[in-house]
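Peer 1: One structure follows; several queries about it will come next.
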Amino acid sequence: MLINGAGIAGLALAWWLERDGHDVVLLERAEPGRAAGYMVDCQGDGYDAVDRMGLLPRLRRHAFTLSALVYHDPGGAVREVLPSDEVAAERLISLMRGDLEGALRDDLRGGDLRFGVGVDRLDDEGDRLAAVLTDGSVERADLLVGADGFRSHVRGLLFGSARHCVRELGFHAAAYSFTDAGLARSLDGAMHLVDAPGLQAGGYPVTGDDVSTLFIHRAPPATPRPEDPRRELRARYGHLGWLVPELLDRCPPPAAVHYDAVAQIELPAWHRGRAVLVGDACQAMSLLSGQGAGMALAGAAALADELRRDVPVGTALARYERRLRPRVRELQAEARATAEEFVP
Ligand SMILES: Cc1cc2nc3c(=O)[nH]c(=O)nc-3n(C[C@H](O)[C@H](O)[C@H](O)COP(=O)(O)OP(=O)(O)OC[C@H]3O[C@@H](n4cnc5c(N)ncnc54)[C@H](O)[C@@H]3O)c2cc1C
């Protein structure tokens with residue numbers, strides 16, 4: 001089995017497939033040791049998936065709880081404080097995306113995980129797929145899984161242009177982390193959000209002396225992504241008060257900043273022949289749902305379950321898709337409703 005993308009979905013799927021006795025090759029375009037990213041709340045179906053994997057004790061070592069949600073007006077004055085026990089949910093664990101990936105990676109049983117490489121193109125050889133990789137080598141596999149995220153390359157190879165399947169929700173979002181003990185302390189364990197018309201900036205302390213940020217602003221569909229997110233963020237958010245100027249001063253170089261449209265993926269089919277998509281590649285629901293990582297974990301578990309059955313691969317892939325789609329549709333609709341009311 002060949003998996004393109006060693007993010008949450010790809011690692012979780014490799015975890016299951018290895019335990020089911022498959023030979024797995026896992027390709028990751030990024031080099032090892034990338035930034036921790038941003039906080040993900042793993043809840044609902046995702047929480048159940050990591051519970052099933054027996055990973056909760058390991059994940060709890062990296063988990064953290066924010067003490068409150070503190071809303072500031074654009075000048076910085078505190079408008080409202082919501083203690084976290086008023087917004088807490090059951091069966092929820094919050095941790096950095098990088099720590100979730102790390103825990104999944106560390107629990108693999110060996111396997112063949114290759115960084116700095118991905119699938120470039122595909123040849124269908126009937127009973128097998130031949131994937132030409134970006135380093136020029138060729139991998140043959142019974143099944144190719146595109147777990148390569150919202151801008152999936154495998155999806156493009158299977159179904160063509162992304163234009164018809166990306167539903168933008170009218171925002172751009174950015175997130176990054178940095179280490180600053182003083183700033184981390186001054187956040188006092190809480191998530192702080194500063195609202196102004198059409199945008200929201202946030203900062204929260206994470207593990208150690210790290211601070212994470214989240215910036216969301218209105219951007220009509222098809223607005224191009226800026227070449228330099230730092231400059232863009234400064235131009236849009238530089239006028240805000242509270243600690244926003246300090247957060248902007250610590251923005252890392254573009255490669256360490258997540259910056260993208262807030263968008264969903266809607267595809268008429270998630271599989272074709274001996275290839276299938278999992279996670280954001282086929283079911284992205286946007287950060288407004290707070291369930292994308294969780295559903296990537298749930299999707300990986302569902303795909304592994306169906307591949308375990310003694311049925312032809314096409315049947316297994318169709319069953320996987322039928323099983324997951326209704327819940328994905330539901331969560332995507334909820335996220336669109338949130339988008340309608342999001343940011344003043
Ligand atoms: C700011 C922010 C906050 C979020 N908060 C939450 C939250 O609270 N709860 C939640 O559940 N979800 C949250 N999400 C969503 C969540 O991060 C995604 O839904 C989740 O990461 C999807 O996992 P994935 O493995 O499908 O894709 P990804 O995590 O995007 O992983 C894809 C992997 O594929 C690799 N890749 C990409 N292209 C190629 C290629 N061509 N070849 C090889 N490898 C490739 C990438 O480097 C990456 O490692 C949030 C997202 C953002 C941006």
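Peer 1: Once the other residues with Cβ under 10 Å from the Cβ of Arg319 are scored (Lys, Arg +1; Asp, Glu -1), what is the net sum?
Peer 2: My count for the surroundings of Arg319 gives 0.
Peer 1: Evaluate the relative contact order of the range 2-138 (contact order divided by residue number), counting alpha-carbon pairs under 8 angstrom at least 6 apart; express in whole percent.
Peer 2: Relative CO of the range 2-138 lands at 33 percent.
Peer 1: In terms of modelled amide H atoms, which long-range or inter-chain residues lie less than 5 Å from the amide H of Gly76?
Peer 2: Gly241, Trp242
Peer 1: Over the C-alpha atoms of the range 139-218, what are the Rg and the largest Cα-to-Cα span, Dmax, in Å?
Peer 2: Cα radius of gyration and Dmax of the range 139-218 are 18.8, 53 Å respectively.
Peer 1: May I pose another question? Just how large is the dipole of the range 167-262 about the Cα centre, in debye to the nearest 20, putting +1 at every Lys and Arg Cβ and -1 at every Asp and Glu Cβ? Write out the running numbers ahead of the final one.
Peer 2: Details: 9 positive and 12 negative charges, 56 e Å.
The dipole of the range 167-262 has a size of about 280 debye.
Peer 1: Quick one: accessible area per residue over the range 167-262, 1.4 Å probe, rounded to a whole number of Å²?
Peer 2: Heavy-atom accessible area per residue stands at 42 Å².
Peer 1: Of all accessible surface on the range 195-344 at a 1.4 Å probe, what whole percent is carbon and sulfur?
Peer 2: Here carbon and sulfur together make up 50 percent of the probe-accessible area.
Peer 1: Just how far, in whole angstrom, is the range 269-316 from the range 104-142 if you go by their alpha carbon centroids?
Peer 2: 18
Peer 1: Highest mean first, what order results for 36-43, 214-221 on Cβ atoms within 10 Å?
Peer 2: Going from most to least packed, we get 36-43, 214-221.
Peer 1: Another one. If you count, for each residue, the other Cβ atoms within 10 Å and average over each peptide, how do 286-294, 166-174, 112-120 line up from highest to lowest?
Peer 2: 286-294, 166-174, 112-120
Peer 1: Helix 8-19 versus the longest principal axis of the chain: what is the Cα-based angle in degrees, 0 to 90, to the nearest 10?
Peer 2: 40
Peer 1: Just want to confirm a number: the relative contact order over the chain, from Cα pairs under 8 angstrom separated by 6+ residues, in percent.
Peer 2: Details: 709 pairs, mean separation 79.3, N = 344.
Averaging sequence separation for qualifying contacts and normalising by length gives 23 percent for the chain.
Peer 1: Counting only Cα atoms, I'd like the Rg/Rh figure for the chain, Kirkwood definition for Rh.
Peer 2: 0.97
The values are calculated or read from the model by the stated rules, or taken from the named source; none is laboratory data. Note that the structure is a prediction, hence the values are computed from the model and not measured. FYI the Cβ positions are ideal-geometry reconstructions off the backbone, even for glycines, and counts take in every protein chain you see. Surface areas here come from the heavy atoms of the whole protein model, side chains and all, with no ligands, DNA or RNA. Shrake-Rupley method; radii C 1.70, N 1.55, O 1.52, S 1.80 Å.
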